[in-house]
Every structure is written in C-alpha cells, then in structure tokens.
Amino acid sequence: MREVVEKFWELFDEKRYMETKYLFHDDCVVFMETSRERFDDIDLYLQMNCDYPGKWRTVLKKIIETEDEIVTLVHVFSSDSSSGEEHYVTTTYRFKEGLIYEMKEYWGIIEDQPDWRKKYSVKC
C-alpha cells in the first residue's frame, strides 16, 4: 500500500496525473472534505487536477500506516514564484485488491501568523 501512495505523489509532482489511474480501484471514490466534494469517477478527479490553474509541486512529508489505511501529509506549493501560494493536504487512503479504493483529502492554506497570536507563539 505504501508503494502505491508513494508512486501516486511522485507522478503528481511530475504532473503526470492521468498516469496514476492504474493505482485506483475501478470503484474508487475521492472526497475533498474541506470543499464538500465527491468524485465518483476517477477520470474526472484526475482531469480536474490536469486543469487546475498554475504550476504546482508536491512534496510528500510524512506517511503513517495503520492496519487498514494510510495517511499522508503533503506540502503543495506554487512553482511559479509570482504566486507564492502554499498548502498542506492531509489524505487518508483505503485499499481494495491492492489499489486505492477511497481517498479523503483535507486541505489547509499556509498563512502568516496572525497579529493577535504573536504574544502567544513564535513564528517558525
């Protein structure tokens, strides 16, 4: 299962989205939880990524394996220096017959430390 997830993010970083299709079970469903979306058709999910505007990099930061799922933390950032936009996506994966059967993505935007919290925390 780990190798499937690592290959998925390797191909995404290379912008070879459609080539990841073989990693998904025919009945795979993808949930983008923070925007309340569900993709019942993996081709539409992959095409959406192809069509997403901008130039993006993905760096797999962490993989956590449990008995029945994998969780990843991935740093997603613009490779176009004019944007400077950054995100983290935490994704859970469930498998069937060695392929991704369900993915749930949780997206977070990287933002500056709010002024009101500066007295409580240190910017890192």
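Here are a few things to note about the model shown:
- For the chain, the longest principal axis of the C-alpha atoms and the axis of helix 2-13 are separated by about 60°.
- A viscosity of 1.567 mPa s and a temperature of 4 °C, combined with the Kirkwood radius over C-alpha pairs in the Stokes-Einstein formula, give segment 2-117 a diffusion coefficient of 87 µm²/s.
- Proxy reagent accessibility, fewest Cβ within 10 Å first, across TRP107, TRP116: TRP116, TRP107
- One chain, two ends: ASP41 and TYR106. Fully extended at 0.36 nm per residue, the span grows by 21.5 nm beyond their Cα-Cα distance.
- Helix 42-51 vs. the chain, principal-axis angle (Cα, 0 to 90°, nearest 10): 40 degrees
- The chain - mean residue ellipticity at 222 nm from DSSP helices (-39,500 (n - 2.57) per run, n ≥ 4, rounded to 500): -5500 deg cm²/dmol
- Other residues within the sphere of radius under 13 Å centred on the Cβ of ILE63, judged by their own Cβ, net out at -1 (K and R +1, D and E -1).
- Rel. contact order, % - alpha carbon contacts under 8 angstrom, at least six apart, segment 2-117: 25 percent
We did not get these values from a lab; they are worked out from the coordinates using the rules stated. Computed from a predicted structure; not experimentally measured. Cβ sites come from the backbone with ideal geometry, for glycine too, and all protein chains shown count toward neighbours.
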